[in-house]
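Step one of this worksheet: look at the structure below.
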Amino acid sequence: MPAFALKDIADALDARLSGDGAFKVERLVHPMDATSPHDLILAFDTKLHAFLENTPAKAAVLGEGQEEMGKRFAGVLFVSRPRAAMAKLTSLFAIPSSEKKGVHPSAVIDPSAKIGKNVSIGPLCYVGPRTIIGEGTRLATQVSVGADVKIGSDCSLYSGVRVAERVEIGDRVIVQFNAVIGADGFSFVTPEPGSAETLKEKHSGKVETFNTHILRIHSLGAVILSDDVEVGACSTIDRGTVTHTRIGRNTKIDNQVQIGHNASIGENCLICGNVGVAGSAQIGNRVVLAAGSGVADHVKIGDDAVLMSASQLGGNLPSKGVYLGAPAQPRERAEEQFFHIARLKVLRKRLESLEEKVNLLERQEKKG
Amino acid sequence: MPAFALKDIADALDARLSGDGAFKVERLVHPMDATSPHDLILAFDTKLHAFLENTPAKAAVLGEGQEEMGKRFAGVLFVSRPRAAMAKLTSLFAIPSSEKKGVHPSAVIDPSAKIGKNVSIGPLCYVGPRTIIGEGTRLATQVSVGADVKIGSDCSLYSGVRVAERVEIGDRVIVQFNAVIGADGFSFVTPEPGSAETLKEKHSGKVETFNTHILRIHSLGAVILSDDVEVGACSTIDRGTVTHTRIGRNTKIDNQVQIGHNASIGENCLICGNVGVAGSAQIGNRVVLAAGSGVADHVKIGDDAVLMSASQLGGNLPSKGVYLGAPAQPRERAEEQFFHIARLKVLRKRLESLEEKVNLLERQEKKG
Amino acid sequence: MPAFALKDIADALDARLSGDGAFKVERLVHPMDATSPHDLILAFDTKLHAFLENTPAKAAVLGEGQEEMGKRFAGVLFVSRPRAAMAKLTSLFAIPSSEKKGVHPSAVIDPSAKIGKNVSIGPLCYVGPRTIIGEGTRLATQVSVGADVKIGSDCSLYSGVRVAERVEIGDRVIVQFNAVIGADGFSFVTPEPGSAETLKEKHSGKVETFNTHILRIHSLGAVILSDDVEVGACSTIDRGTVTHTRIGRNTKIDNQVQIGHNASIGENCLICGNVGVAGSAQIGNRVVLAAGSGVADHVKIGDDAVLMSASQLGGNLPSKGVYLGAPAQPRERAEEQFFHIARLKVLRKRLESLEEKVNLLERQEKKG
């Protein structure tokens, strides 16, 4: 178990230290989980302070202004932006994976593959012909990497990850369990325009052309994951048709996300869980697609835009725009509609009351 | 193939037996699939009775009151609550997995792992250092279980399941194919408040703070699956940040479900297919999340509540409440809105007709 | 690298050749990716023509009518229906997988399995007892096929695919990475009617029956995938309860799709990404379920129907019908409602202005 002096953590975090800087802590814990004096309690949220009354822990990380609560500890780190401090704190206390360097004897590595220095290839992995794996990269267990793949240095591919042939992966990329990089695109065509194709062009409410034959379009392209990308568990990114599907530098993708063939996603994007991005969508930099949202094929999203959770985007989304709803539209417009929908019952009653008044006025008019 | 006397099945089911209790049946079949006299036909639904006219089967399970149809069989079991009878019937006829006890020679087991009695670890599995696997538990094939994991007794982990380091699994837990227990949480932060964070607090329709840097918050916590939990194929449950993600006793999770970091789910819940539960959501006991529904982060759901299918919950859901829609709201209110929306065209016409009348009245008033 | 004469490609595509039919091409590329004279550029979209100005490539495939642009190439293929031409073109240039025929020594094959001629079983695969694998079928790497499975000829199962016991797969079926065929159905029941069951029958807004016990219904049925079916990465198809879950001939299923137990899907359907089909749904032939849509349990969909993207179907969908929205309804009706909702603010203002007018009329009437 690692042990850190509070002073050193304060320096790393740029936090204000109060109390004994030489005091050593071994674990970062939730207030409910503290069991030892050397646990460092994380309690930014004042709702958690009730748990601190009788805690055995002697050190804590608190938000600025929580001075009073800090008094019961031997040492306290005060932090002004808790969420940002979490990044460094959790990095410090992260438990390294227990896998050993080198290639496990049960792994199957094609003799033509080029494996860099300090690579760790765990039990029952497969690496295909001519594939290049960069220095310090880790393949956990039961990973498969197909032929002609290039993987950079210091990547981490968790158990069960599948990397298909010809995929290119940059440096420091993390791919979580059972994710799939480079499945074939879902690309099929009918010899004559079929039902879905016709419905896109003709605004019909009835199907008039039929998918009696379905032909497969093969995927000749690959997937390119740039440096520092992260892909979540069971997420899937399909290969392109003739060009490549691209994920830009430092973009983070959550679990159960589907990215279709030929899609292009910029840098520093956050793609949350259960999102679907259809084929050939073009997404800018620093875009956020919130959980459960969907992006239609060929749609364009500008830089810094946000698609709110569960929203379904059928058209383009301008730079810095915030879109909401199904179908997605500018946030204010969507919320205005929610407001009016919630008041439809009252609107209807007002209309009915007005109808009565007008009827009465009409009768009076006739009489008069 | 097992063979059961109808009398014994009647006892097990608490069903009413009519006819030859000594008659033996070997398979439980749909009316369309019967091929042998010793098939036991399941036909609660009277629409299926047409298939019984010329069936070779000589035994059936029918609903109470279907006396007439029963006459053509050598033996019939009459059941008053068909769906509940299905649990026992299918349990009786379930075909046990064909894997052998013991550790397959191709499996890679760390020497420090502790494997209980009667454990079955199939071909090409991996078990990490210091991991403990309880008596009678089965790892099918190509399963990976990381370091420092605890798995209870009589569990069944299907092929391709990934259990990450430090996860704790109770007794009799079933995890279906390619499910992932303990991927890292999707937890990222910008040094200064970024676009999504600001939009939560400020009700803006335009992005004004930008995600130019993204920092990773590491996941130090684990996942705890209590006794009798079931997790579906390709479902993912992320580990907590500093504390654990928790799934309560006997909760059943379907396929393609995503449970975010730090979430806490109670006992006896039913989480249906394609559901997404975001990080730190707190869900009570006996809650039903119907197919395709989504729960936002930090949201609380009370005991016995039901979130109807495809509904998107952004706020809390009270105990016993039934919520519907996107955004989700109390069922009656959501259905009332659907009702009014469906009549908007008529409402508009009534308004237009009223406008004409009022115009006429105004003209008459002026003239008058 | 294969090389084709333009003349031969023209024949295969039924395309019009202009220029040097003997000219040889080696790769099919996007205009941006051309690096060699022997690249064949694909540029149906005139927006891409800017890239052709200084391209090193000497051959292109263009749409009919793009005669002018074709002049700069040594040879051009003119095509009248570009999307259909893509099927043949990409098939021609598809790069075959690099796996070798035969069974890799690291694969674990039960001695009772029957493996056909020219089968390729890659590293670290598992094949169970009594399973039959047809001629020319390929299991990539780390695939598992359970006991008593039948797989036809010329199938391709990508890395990490799980095929559970007793599943039947036809000829030429493709299953992408980490897909799961034959997990247990999500089928649970309470001894007395529970919350979800009661809410279906009784139109209540509050839960009045509780899921204090949950019993498992076991899945005795299997899954049947007919000839030429394709299943996407991380998709899951559950086994039936007493009968089988069925996918008809030539139906194509995208990534992250969930098909519930007992569902029956016809021929030539297109099931796009992130779709959920609940248990016992019955879907006809040539049906399109667009991305992110959901189909409730026991629902019926007629032949040639289209469920538009993100739509949630709770009732039946007639043959050739086009449904949209959540809840899904006929497309025209849904779009009409979107139209009226977008104008609610104006409607409300018109109502308010009318109320003022009527108030004035009433006052005048009283005075008068």
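Report relative contact order for segment C:34-80 in percent, whole number only (criteria: Cα-Cα under 8 Å, sequence separation at least 6). Intermediate values should be presented prior to the final figure.
Details: 73 pairs, mean separation 16.9, N = 47.
After rounding, I find 36 percent.
Taking Cα pairs under 8 Å and at least six residues apart, what relative contact order does segment A:110-215 come out at, in percent?
Numbers: 247 pairs, mean separation 17.8, N = 106.
Result for segment A:110-215 is 17 percent.
Antiparallel versus total DSSP beta bridges in segment C:229-368: what percent is that, nearest 5?
Details: 2 of 27 bridges.
If we restrict to bridges inside segment C:229-368, about 5 percent are antiparallel.
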Along Cα→Cβ at 7 Å, what distances in nm separate the A:Ala74 label point from those on the other copies, shortest first? 8.0, 8.0
Peptide ranges C:263-272, B:202-211, B:131-140 listed from the most packed, as the mean C-beta count within 10 angstrom indicates: C:263-272, B:131-140, B:202-211
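Take the cross-link list A:Lys206/C:Lys200; A:Lys345/B:Lys345; A:Lys349/B:Lys357 and give me the ones stretching past 21 Å between alpha-carbons. Please list the in-between numbers first.
Numbers: A:Lys206/C:Lys200 30 Å; A:Lys345/B:Lys345 14 Å; A:Lys349/B:Lys357 18 Å.
Beyond 21 Å: A:Lys206/C:Lys200.
Would you please give the FRET efficiency between C:Lys101 and C:Ala74, computed as 1/(1 + (r/R0)^6) with r the Cβ-Cβ distance and R0 = 30 Å, to the nearest 0.05? Present the calculation step by step, with values, prior to reporting the outcome.
Working: r = 38 Å, r/R0 = 1.28.
It comes out at approximately 0.20.
Determine the shielding of peptide C:168-180 by partner chains: average, over its residues, the number of Cβ atoms on other chains within 10 angstrom of each Cβ. Numbers along the way, then the final one.
Working: counts 0, 0, 0, 0, 0, 0, 2, 0, 9, 15, 15, 7, 12.
For peptide C:168-180, the averaged partner shielding equals 5.
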Treating the Cα atoms of segment B:4-92 as identical point scatterers in vacuum, please give the log10 of the normalised Debye intensity I(q)/I(0) at q = 0.12, 0.15 Å⁻¹, two decimals. -0.27, -0.44
Please give the average number of partner chain Cβ atoms lying within 10 Å of the Cβ of each residue in B:235-244, rounded to a whole number. 6
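Which FRET efficiency value, to the nearest 0.05, do you get for B:Asp45 and B:Asp8 by plugging their Cβ-Cβ distance into 1/(1 + (r/R0)^6) with R0 = 25 Å?
Working: r = 25 Å, r/R0 = 1.00.
Efficiency computed from Cβ-Cβ geometry: 0.50.
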Looking at the protein assembly as shown, what % of its DSSP beta bridges pair antiparallel, to the nearest 5? 15 percent
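Can you tell me how much longer the chain between A:Glu135 and A:Ser353 gets when fully stretched, taken as 0.36 nm per residue apart minus their C-alpha distance, in nm with one decimal? Can you show the working numbers first?
Numbers: separation 218, 0.36 × 218 = 78.48 nm, distance 7.69 nm.
Difference between extended and current length: 70.8 nm.
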Once the label point is set 7 Å along the Cα-to-beta-carbon vector, what list of distances in nm do you get between B:Ala94 and its counterparts in the other copies? 4.0, 4.0
In deg cm²/dmol, rounded to 500, what helix-only [θ] at 222 nm does chain A give when every DSSP H run of at least 4 residues adds -39500 (n - 2.57) and the total is split over its residues? -5500 deg cm²/dmol
Picking from C:Gln282, C:Ile301, C:Leu351, whose Cα lies most toward the positive end of the charge dipole for segment C:274-368 (charges on Cβ: Lys, Arg +1; Asp, Glu -1)? C:Leu351
Can you find, among A:Leu215, A:Phe44, B:Gly321, the residue sitting farthest towards the positive end of the charge dipole of the protein assembly as shown, where Lys and Arg contribute +1 and Asp and Glu -1 at Cβ? B:Gly321
Going Cα to Cα from A:Lys101, which lysines come in below 24 Å? Please leave out same-chain ones fewer than 8 positions away. A:Lys114, A:Lys117, A:Lys150, B:Lys114
In nm, one decimal, shortest first: how far is the label point of C:Leu360 (7 Å from Cα along Cα to beta carbon) from the matching points in the other copies? 2.0, 2.0
Any idea what the relative contact order of segment C:149-305 is, in percent, if you count C-alpha pairs under 8 Å spaced at least 6 apart? 16 percent
Which distance in Å, rounded to a whole number, links the C-alpha centroids of segment B:314-368 and segment B:59-78? 52 Å
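Please get the size of the charge dipole for segment A:306-368, origin at its Cα centre, with Cβ charges of +1 on Lys and Arg and -1 on Asp and Glu, quoted in debye to the nearest 20.
It works out to roughly 160 debye.
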Which residue fluctuates the most in chain C, going by a Gaussian network model with Cα springs under 10 Å, if the choices are C:Ala113, C:Ala85, C:Ala222? C:Ala85
Per residue of B:292-304, count partner chain C-beta atoms within 10 Å of its C-beta, then hand back the mean as an integer. 4
So what J values fall out for segment B:29-37 if you push phi through Karplus, 6.51 cos²θ - 1.76 cosθ + 1.60 with θ = phi - 60°, rounded to Hz, Gly and Pro as x? 9, 6, x, 5, 9, 5, 10, 9, x
Pull up the cross-link candidates among the lysines for A:Lys47, meaning alpha carbon to alpha carbon under 18 Å and not fewer than 8 places away within one chain. A:Lys71, B:Lys300
Amide H partners (placed H, <5 Å) of A:Val287, local residues excluded: A:Cys269, A:Leu270, A:Asp304
Please list, in order along segment A:232-237, the HN-Hα scalar couplings obtained from phi with the Karplus expression 6.51 cos²θ - 1.76 cosθ + 1.60 (θ = phi - 60°), rounded to whole Hz, x for Gly and Pro. x, 4, 6, 7, 9, 10
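Efficiency by 1/(1 + (r/R0)^6): what FRET value for B:Glu64 and C:Asn316, r their Cβ-Cβ distance, R0 = 30 Å, to the nearest 0.05?
Numbers: r = 29 Å, r/R0 = 0.97.
Approximately 0.55, to the nearest 0.05.
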Everything considered on the Cα gyration tensor (a ≥ b ≥ c; rounded for a/c under 1.5, else prolate if a/b is larger than b/c, else oblate), the protein assembly as shown must be described as rounded
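To one decimal place, what Kirkwood hydrodynamic radius in Å is obtained for segment A:116-198 from all pairs of distinct Cα atoms?
13.6 Å
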Each residue of segment C:257-270 in turn: what ³J(HN,Hα) in whole Hz from Karplus with 6.51, -1.76, 1.60 and θ = phi - 60°, glycine and Pro shown as x? 8, 10, 10, x, 4, 6, 5, 9, 10, x, 8, 6, 7, 10
Compute the separation of the alpha-carbon centres of segment B:208-229 and segment C:146-216 and state it in Å as a whole number. 29 Å
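At 1.4 Å probe size, with the rest of the protein present, what percent of the exposed accessible area of chain A is carbon and sulfur atoms?
Working: 7420 of 14500 Å².
Carbon plus sulfur share of accessible area: 51 percent.
The values are calculated or read from the model by the stated rules, or taken from the named source; none is laboratory data. Small disclaimer: the values here were computed from a predicted structure and weren't measured. Note that we place each Cβ from the backbone using ideal geometry, even for glycine, and neighbour counts take in every protein chain shown. Areas reflect the complete protein model, heavy atoms only, side chains present, ligands, DNA and RNA absent. Shrake-Rupley method; radii C 1.70, N 1.55, O 1.52, S 1.80 Å.
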